[in-house]
1. Measuring from centroid to centroid over Cα atoms, what is the spacing of region 78-98 and region 1-70 in Å?
2. Counting other Cβ atoms within 10 Å, which GluC sites (Glu not before Pro) in region 54-156 have at most 16 and lie in a DSSP loop?
3. Compute the acute angle (0 to 90°) between the alpha-carbon long axis of helix 3-12 and the principal axis of greatest extent of the alpha-carbon atoms of the chain; round to the nearest 10°.
4. Run the quick spin-label model on residue 154 and residue 52: label points 7 Å from Cα toward the beta carbon, then report their separation in nm to one decimal.
5. With only alpha-carbon atoms counted, please give the Rg and Dmax of region 60-156, in Å.
6. Residues of region 10-54 with the amide nitrogen closer than 19 Å to a label point 7 Å from the Cα of residue 61, along Cα-to-Cβ, please.
Amino acid sequence: MYEELLTLLQAKSYKLAAAESCTGGLVSAAITDIAGISQVYAGSITAYENSVKMNLLQVPESVLLQHGAVSEECAQAMALGAARALQSQVAVSTTGIAGPTGAVPGKPVGTVCMGYCINGKVFSETGYFAGSRSQVRAAAVEHLLKKLIVLLKEGL
């Protein structure tokens, strides 16, 4: 489904990394389903606890205190941290509320913040996905990887 990702990364000699919270390794699983991806995929850090986000991904504590773990600011810091930690030019991240519990005011179940880092440029967006926990996580992974393909095609 995402074979084009391999071609785009190879064309630019980019390495890819991921940082995941709510998707718990599903981004990495989808990436490693691509035949030949080992040429361009460095790996993934699953950072569920805030302490792991801070220690391994260098997410500033101030980001977590001011904006929370489920925020675009955190997603950006996670993507940048994954790129640094895994020495990659491209990195993606997910952090969110997959449900069925965990909603807070302004952040309903299904909220997923996604980060993208391409050559030091950092982007983020928030998606709202419906369904069960597994459906929210799967939809977030699909959206994230399709958006990454679009960003790479745009030459970022």
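What follows is calculated from the coordinates using simple rules that are stated; it is not laboratory data. Note that the structure is predicted; figures quoted are calculated from it, not measured. We place every Cβ from the backbone using ideal geometry, glycine too, and count neighbours over all the protein chains shown.
1. Cα centroid to Cα centroid, the span is 4 Å.
2. Listed in order of number, the matching sites are 154.
3. Tilt of helix 3-12: around 70 degrees.
4. Here the modelled spin labels are 3.0 nm apart.
5. Using the Cα atoms of region 60-156, the pair Rg, Dmax is 13.3, 39 Å.
6. 48-54
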